[in-house]
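Chemist: Starting off with a structure, shown below.
What follows draws every value from the coordinates through simple rules; no lab data is involved. Model, not experiment: these values are computed from the prediction. Neighbour counts run over all protein chains shown; Cβ positions are idealised from the backbone, glycine included.
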Amino acid sequence: MNHLKTYILLAAMTALFGAVGYMIGGVAGMTVALVVAAAMNLFAYWNADKMVLRHFRAQEVDPRHPDPRVQAYVADTLALAQRAGLPPPKVYIIDNPQPNAFATGRDPQNAAVAATSGLLGLLSREEIRGVMAHELAHVKNRDTLTMTVTATIAGAVGMLANFALFFGDRRNPIAGLLIMILAPLAASLVQMAISRAREYEADRIGAEIGGEPEALARALEKIEAYARQRVNVDAERNPAMAHLFIINPLAGHGADNLFSTHPNTRNRIAKLMQLTQPFGRPTTNTAAGPWGAAPQRQRGPWG
C-alpha cells in the first residue's frame with residue numbers, strides 16, 4: 001500500500017511540475033529547470049553517502065571491535081543483510097549521545113548503515129536488530145533513489161517558481177508571486193508525504209527481515225523518548241539530513257502532519273503491533289535482552 005502511495009505522490013509531483021512549468025516557461029523552461037535540478041541531485045546521489053558519513057564523523061567498525069556490544073551489532077547487521085538477500089553493507093558508529101540510526105548509499109552494492117553510540121547504549125540486542133532491519137529495508141527498497149528522484153522534481157519546481165519572479169507575466173504580478181510561494185510549498189508537502197510513506201514501508205519490510213516487529217516497536221518508543229532529551233548538534237547544523245534517521249533527530253516533536261518528514265511514532269508502533277500476529281508471538285513490553293535493560297547510555301571505546 002505504501003509503495004502505491006509513493007507512486008501516486010510521485011505522479012502528483014510530476015503533474016505539479018508539468019503544470020507550473022507550462023504556465024511559466026513552456027516546454028523550454030521546464031526542460032532547463034529539470035536538467036539543472038537533475039544535475040545537482042545526480043551529484044548528490046553519487047556522493048551523498050560519503051558526505052553524510054563525513055558530516056557525522058562516522059567510524060567504520062567490523063566484528064573484531066573490542067567492545068562486545070559493537071561485535072554483536074556488526075554481526076547481527078551482516079546476518080540480517082544476508083537474510084534480506086542484500087550484499088553486506090559497511091557498518092558505522094557515530095559518537096553521539098542521541099540514540100538514532102540511518103542508512104545511506106546509492107544502491108545495495110554501496111550501502112552503509114550507521115548507529116549512534118547512544119543507540120547502542122540504550123537498546124537491547126533484539127531492539128538494535130529491529131532498528132538495523134528497518135535500515136536495511138530502506139536499502140532493499142532503494143529509498144535513496146526514490147528520494148533523489150523526489151528531490152530532483154521538487155528542486156525543479158522551486159527553480160520554476162524563481163523563474164516566475166523574474167520572467168513571469170508582468171501584467172499579472174500577483175499570479176507570479178502566488179506561484180513563487182505556493183508551488184515550492186506544494187512540492188515540499190508532497191516530498192514530505194513520500195518520506196513518511198517510505199518510513200512506514202521500511203517498518204513493515206524491516207519487521208519481515210528481522211521477524212521481530214515488537215522489538216522494533218520498543219526501539220522506536222525508547223528512541224523517541226530519549227532523542228528529545230539529547231540535542232544532536234550535527235543534525236541541527238544540517239537539517240536537510242534529518243529525513244535519513246529512523247527518528248527525527250531535530251528538536252521538537254514529530255507528528256503525522258503535512259510538514260513532518262517522519263510519521264508519528266505512536267502510529268508506527270500501532271502498525272508494528274498489528275504485525276505481531278502473523279509472526280506468532282505475543283506482544284511484550286519487556287525491554288531486556290542479552291545485555292539486560294539499558295535505560296542509561298553506556299560509554300564504549302568509541303566515545
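Chemist: Where does each of 236-246, 56-66, 90-100 land if you order them by average Cβ count within 10 Å, highest first?
Modeler: Most protected by this proxy first, the peptides run 90-100, 236-246, 56-66.
Chemist: Right, another one. Estimate the FRET efficiency between HIS55 and SER188 by the formula 1/(1 + (r/R0)^6), using the beta-carbon distance for r and 30 Å for R0, to the nearest 0.05.
Modeler: For HIS55 and SER188, the calculated efficiency is 0.85.
Chemist: Compute the FRET efficiency between VAL233 and ILE174 as 1/(1 + (r/R0)^6), taking r as their Cβ-Cβ distance and R0 = 51 Å, and round to the nearest 0.05.
Modeler: 0.75
Chemist: Through the Karplus equation 6.51 cos²θ - 1.76 cosθ + 1.60, θ set to phi - 60°, convert the phi angles of the range 60-68 into ³J(HN,Hα) values in whole Hz; use x for Gly and Pro.
Modeler: Values per residue, Gly and Pro as x: 6, 10, 9, x, 8, 4, x, 7, x Hz.
Chemist: Under 5 Å between amide H atoms, partner at least 5 residues away or on a different chain: which partners does ALA111 have, H built in plane at 1.01 Å?
Modeler: LYS90
Chemist: Arranged from highest to lowest average of other beta-carbon atoms within 10 Å per residue, in what order do the peptides 189-197, 72-80, 118-126 appear?
Modeler: For the peptides 189-197, 72-80, 118-126, the packing ranking is 118-126, 189-197, 72-80.
Chemist: List the residues of the range 180-208 whose backbone N lies under 17 Å from a point placed 7 Å from the Cα of VAL32 along the Cα-to-Cβ direction.
Modeler: Residues 180 fall inside that zone.
Chemist: GLN98's amide H: which non-local residues (gap 5+, or another chain) put their own amide H closer than 5 Å, with H modeled 1.01 Å from N in plane and none for Pro or chain starts?
Modeler: Under 5 Å from the amide H of GLN98 lie the amide H atoms of GLY118, each far enough along the sequence or on another chain.
Chemist: Same structure again: What are the residues whose amide H is under 5 Å from the amide H of ASN264, where those residues sit 5 or more places off or on another chain and H is modelled from the backbone?
Modeler: Amide H neighbours of ASN264, under 5 Å, 5+ apart: ASP256.
Chemist: Report, in listed order, any pair from LYS90/LYS271; LYS140/LYS222; LYS222/LYS271 with a Cα-Cα distance greater than 20 Å.
Modeler: Over 20 Å apart, Cα to Cα: LYS90/LYS271; LYS140/LYS222.
Chemist: OK, next. Through the Karplus equation 6.51 cos²θ - 1.76 cosθ + 1.60, θ set to phi - 60°, convert the phi angles of the range 197-208 into ³J(HN,Hα) values in whole Hz; use x for Gly and Pro.
Modeler: Result, rounded to whole Hz: 5, 5, 5, 4, 5, 5, 4, 5, 5, x, 5, 5.
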